[in-house]
Amino acid sequence: QGLTLTIPPFALAPGVTSVRLSVTAAPFEESLTTVRLQVVRSSLEAKIRGGSLRSVSFGTPLLLDAGSSYDPDAPADLLSFSWTHNASRGLSLANAALVTVPVGALCTGACFVSFVVTATAADGRSCMSSPQVVEFVEAQPPSVWIEAPQKVNPHQMLVLSGAAIGAP
């Protein structure tokens, strides 16, 4: 007969775990098997809304949003965030999931600025970074983005979601 053992999520701690199955048949015949499992932590998911490249008007504030970042091993835990950029102006960004960059703080004309958010787990055990290049342009382009998973299994369907705001 088949046997299924279901272990609920988060029940096993990272490390090596052994699962032993013992079957006893009458009278006193025993069969035993053991399997060793390597339980590993998942990588954090660090994401910046808008994808890896987007265009915004240099005449409007820039909103950087990493609020959809999470820890798959502890989804209820809060993450801490730090931001960096490569602009020549020394603007310091807040250590928060949602950051607003004031108009003209990084450039006053057309330019490209690279941003990186680093999300760190609540217990400090791991961190993950995600980059985004922002093209500052003169006109007000429509705000568009595509949300995509950072990991894709080739045997599973890929679902992308997106939006366009301000498009005719």
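Throughout, read-outs are computed from the coordinates displayed, never taken from laboratory work. Everything numeric in this text was worked out from a predicted model, so none of it was measured. Neighbour counts run over all protein chains shown; Cβ positions are idealised from the backbone, glycine included.
Consider all pairwise Cα distances in the range 82-126 and report the whole-number % of them above 17 Å. Before the final figure, lay out the partial values.
Values: 377 of 990 pairs.
In whole percent, the long-distance tail amounts to 38.
Name the cysteines of the chain that stand alone by the Cβ rule: no other cysteine Cβ under 4.7 angstrom.
So far as the 4.7 Å Cβ criterion goes, Cys127 stand without a partner in the chain.
Roughly speaking, what is the centre-to-centre gap between the range 33-90 and the range 121-136 when only Cα atoms are used, to the nearest Å?
Cα centroid to Cα centroid, the span is 4 Å.
With no solvent and one equal point scatterer per Cα, compute the Debye intensity ratio I(q)/I(0) for the range 1-159 at 0.08, 0.13, 0.15, 0.16 Å⁻¹ and report its log10, rounded to two decimals.
The Debye formula, applied to the Cα set alone, gives -0.40, -0.75, -0.90, -0.97.
Could you tally the net charge around Trp145, taking each other residue with its Cβ under 12 Å from the Cβ of Trp145, Lys/Arg +1 and Asp/Glu -1? Before the final figure, lay out the partial values.
Details: positive: Lys47, Arg49, Arg54; negative: Asp65, Glu147.
Neighbourhood net charge equals +1.
Quick one: in the range 48-98, what % of C-alpha pairs are over 13 Å apart? Before the final figure, lay out each step's value.
Working: 870 of 1275 pairs.
The answer is 68 percent, as a whole percent.
Give me the mean projected area, in nm² to one decimal, of the convex hull enclosing the Cα positions of the range 1-94.
Numbers: hull surface 42.9 nm².
In nm², the orientation-averaged hull projection of the range 1-94 is 10.7.
For Leu53, put the label point 7 Å out on the Cα→Cβ axis and report which residues of the range 78-104 keep their amide N under 20 Å from it.
Zone members listed by number: 85-87.
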